[in-house]
Amino acid sequence: QVQLVESGGGPVQAGGSLRLSCAASGRTSSRSAMGWFRQAPGKEREFVAVIDWWTDSTHYADSVKGRFTISRDNAKNTVYLQMTSLRPEDTAVYYCAVDARGSSVIRAGEADYWGQGTQVTVSS
């Protein structure tokens, strides 16, 4: 089993920044793709960003490109999501996801492991 714990969420004004962290523990593998999803009230969960272990390549949802940056620290089994120029529509619960099968699995929303989520609230 793998446990994922997100942190760093909270309230922020539009235009502000936040950095989310997700620490993995348990039967983790540093050779896992790691990513972020979000779910706003009344909406389906949506993909935000993913970083691949093998290539360290990143992919982003169009809605966050140029504003969010995903990164990882393999030594700490931690993935980060730096969010800048936040907008009220970024308000959501943000979840991290981990899967050793690669970034495409995460992007499809089929990751084996998910965190409990951290709330991000952007006020206008």
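Quick look at the values:
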quantity	calculated
Carbon/sulfur fraction of accessible area - the range 1-106, other protein chains in place, 1.4 Å, %	47 percent
Built amide H within the under 5 Å cut-off of Gln3, gap 5+	Ser25, Gly26, Arg27
Residues of the chain: accessible area per residue with a 1.4 Å probe, Å²	51 Å²
More than 18 angstrom apart: percent of Cα pairs within the range 33-94	34 percent
J(HN,Hα) series, the range 55-66, from Karplus relation 6.51 cos²θ - 1.76 cosθ + 1.60, nearest Hz, glycine and proline x	10, 6, 6, 10, 9, 10, 5, 4, 5, 10, 4, x
DSSP loop GluC sites (Glu not before Pro) with at most 15 other Cβ within 10 Å excluded, longest remaining stretch of the chain	45-109
Assigned charges on the beta-carbon of Lys, Arg, Asp, Glu; the chain dipole about Cα centre (debye)	160 debye
Principal axis dimensions, the chain - Cα atoms, whole angstrom, descending	40, 27, 24
Calculated [θ] (222 nm, deg cm²/dmol) that DSSP helices of n ≥ 4 give over the chain, each run adding -39,500 (n - 2.57)	-1000 deg cm²/dmol
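The values are calculated or read from the model by the stated rules, or taken from the named source; none is laboratory data. If you're wondering where the values come from, they're calculated on a predicted model, not measured in any experiment. All Cβ positions, glycine included, derive from the backbone under ideal geometry; neighbour counts span all protein chains shown. With ligands, DNA and RNA removed, areas are computed over all heavy atoms of the protein, side chains included. Shrake-Rupley method; radii C 1.70, N 1.55, O 1.52, S 1.80 Å.
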